[in-house]
Amino acid sequence: MFYEDAGHVYRVAEWERLKWLDHGFGTRLAGSWTPGPPVWVRQVHSARCVPAGGVAGCLGEADGLVSDRPGAYLTIRTADCIPVLLADERVRAVAAVHAGWRGTAEAIVAAAVGTLGERFGSRPEDLWAAIGPGICATCYEVGPDVAMRFARWFPERTDLAAQCTLDLAEANRRQLLEAGVGAERIFSGAPCTCCRAGEFHSWRRDRVKTGRMVSAVAIRR
């Protein structure tokens with residue numbers, strides 16, 4: 001499933017067959033690893049997704065990027081939040097999503113699935129999704145004000161009205177399923193950013209002056 005390459009970038013082994021696609025989830029050792037021009041947004045913990053053309057640069061405030069143009073790398077930066085990459089092999093469209101707890105509570109991955117459909121005609125059943133390194137359920141403790149916003153996706157939980165732990169990656173996986181992406185097409189189980197201090201930046205662990213990891217997806221020229 002996930003493997004770390006020689007450049008300290010995590011990749012999905014099953015996506016290697018998609019020769020038109022480049023993707024990766026960077027570590028603190030990878031730096032700005034993208035080999036092509038990056039496209040990014042000022043991340044504001046929203047559910048807003050914007051289309052990216054073929055030109056590199058900043059596209060304003062949002063937390064998701066979609067494109068069907070080759071060349072530019074759609075990038076997001078995280079340090080505990082969940083990076084999610086989407087790829088449609090039928091129409092060759094891609095998305096990069098920054099899913100913090102606020103964006104996850106607003107179902108940003110479902111918004112990205114919808115935006116891919118509206119812009120490029122993507123169908124959920126044709127999408128592949130990869131949920132990259134982020135803070136794990138064991139490390140992520142939240143108060144009831146946050147936890148209760150996830151009751152819809154964790155109906156089996158009876159402890160959300162109190163201090164508890166929250167699995168953001170699983171919340172995003174369930175939202176992808178709800179949006180129509182097949183379970184067998186969703187890759188999860190990436191490492192925890194908070195647990196692995198030598199490998200990942202973590203805001204929850206380090207609090208101040210922490211760096212960010214770059215995750216990206218691109219359509220090759």
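The values are calculated or read from the model by the stated rules, or taken from the named source; none is laboratory data. The structure displayed is predicted, hence computed values, not measured ones. Please note: Cβ atoms are built from the backbone with ideal geometry, for glycine as well, and neighbour counts cover all protein chains shown.
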For this session: Identify all residues within the stretch 72-99 that are assigned to a loop (DSSP other than H, G, I, E, B) and either within 9 Å of the chain's Cα centre (by Cα) or without any contact (Cβ under 8 Å) to a residue 12 or more places away in the chain (or both); write none if there are none.
Result: 81
Problem set entry | Where residue 40 falls short, out of the listed (1) touching a Cys at 6+ places or on another chain (Cβ under 7 Å); (2) part of a loop (DSSP other than H, G, I, E, B) | (2)
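Test residue 89 against the stated conditions and say whether it is farther than 25 Å from residue 29 by Cβ, surrounded by fewer than 24 Cβ atoms within 10 Å (Cβ to Cβ) and out of contact with any helix residue (DSSP H, G or I) (no Cβ under 7 Å at 6 or more places or on another chain).
Details: farther than 25 Å from residue 29 by Cβ: yes; surrounded by fewer than 24 Cβ atoms within 10 Å (Cβ to Cβ): yes; out of contact with any helix residue (DSSP H, G or I) (no Cβ under 7 Å at 6 or more places or on another chain): no.
Criteria not met by residue 89.
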For this session: For residue 115, state whether it is out of contact with any helix residue (DSSP H, G or I) (no Cβ under 6 Å at 6 or more places or on another chain), part of a helix (DSSP H, G or I) and either closer than 26 Å to residue 36 by Cβ or modelled with pLDDT of 95 or more (or both).
Result: yes
Seminar exercise, completed: Of the conditions (1) outside any loop (DSSP other than H, G, I, E, B); (2) over 26 Å from residue 110 (Cβ atoms); (3) touching a residue at least 60 places away in the same chain (Cβ under 8 Å), the single one that residue 29 does not satisfy is (1)
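Do you know which of the residues in the stretch 155-198 that are touching a Gly at 6+ places or on another chain (Cβ under 7 Å) and not aliphatic (A, V, I, L, M) is surrounded by the fewest Cβ atoms within 10 Å (Cβ to Cβ)?
First, the residues of the stretch 155-198 that are touching a Gly at 6+ places or on another chain (Cβ under 7 Å): 163, 168-169, 190, 193.
From the residues that got through so far, the ones that are not aliphatic (A, V, I, L, M) too are 163, 193.
Numbers: 163: 11, 193: 30.
Of everything passing the filter in the stretch 155-198, 163 is surrounded by the fewest Cβ atoms within 10 Å (Cβ to Cβ).
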For this session: Collect the residues in the stretch 52-66 that are over 15 Å from the mean Cα position of the chain (by Cα) and either crowded, with 18+ Cβ neighbours inside 10 Å or basic (Lys, Arg) (or both), keeping them in residue-number order.
Result: 52
Exercise. Looking at the stretch 7-14, is at least one residue assigned to a helix (DSSP H, G or I), surrounded by fewer than 21 Cβ atoms within 10 Å (Cβ to Cβ) and in contact (Cβ under 8 Å) with a residue 12 or more places away in the chain?
Worked result: yes
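Conditions tested, residue by residue: (1) closer than 28 Å to residue 53 by Cβ; (2) of a type in the set (D, E, K, R); (3) assigned to a loop (DSSP other than H, G, I, E, B).
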{"position": "129", "(1), (2), (3)": "yes, no, no"}
{"position": "138", "(1), (2), (3)": "no, no, yes"}
{"position": "153", "(1), (2), (3)": "no, no, yes"}
{"position": "157", "(1), (2), (3)": "no, yes, yes"}
{"position": "169", "(1), (2), (3)": "no, no, no"}
{"position": "172", "(1), (2), (3)": "yes, no, no"}
{"position": "176", "(1), (2), (3)": "yes, no, no"}
{"position": "184", "(1), (2), (3)": "no, yes, no"}
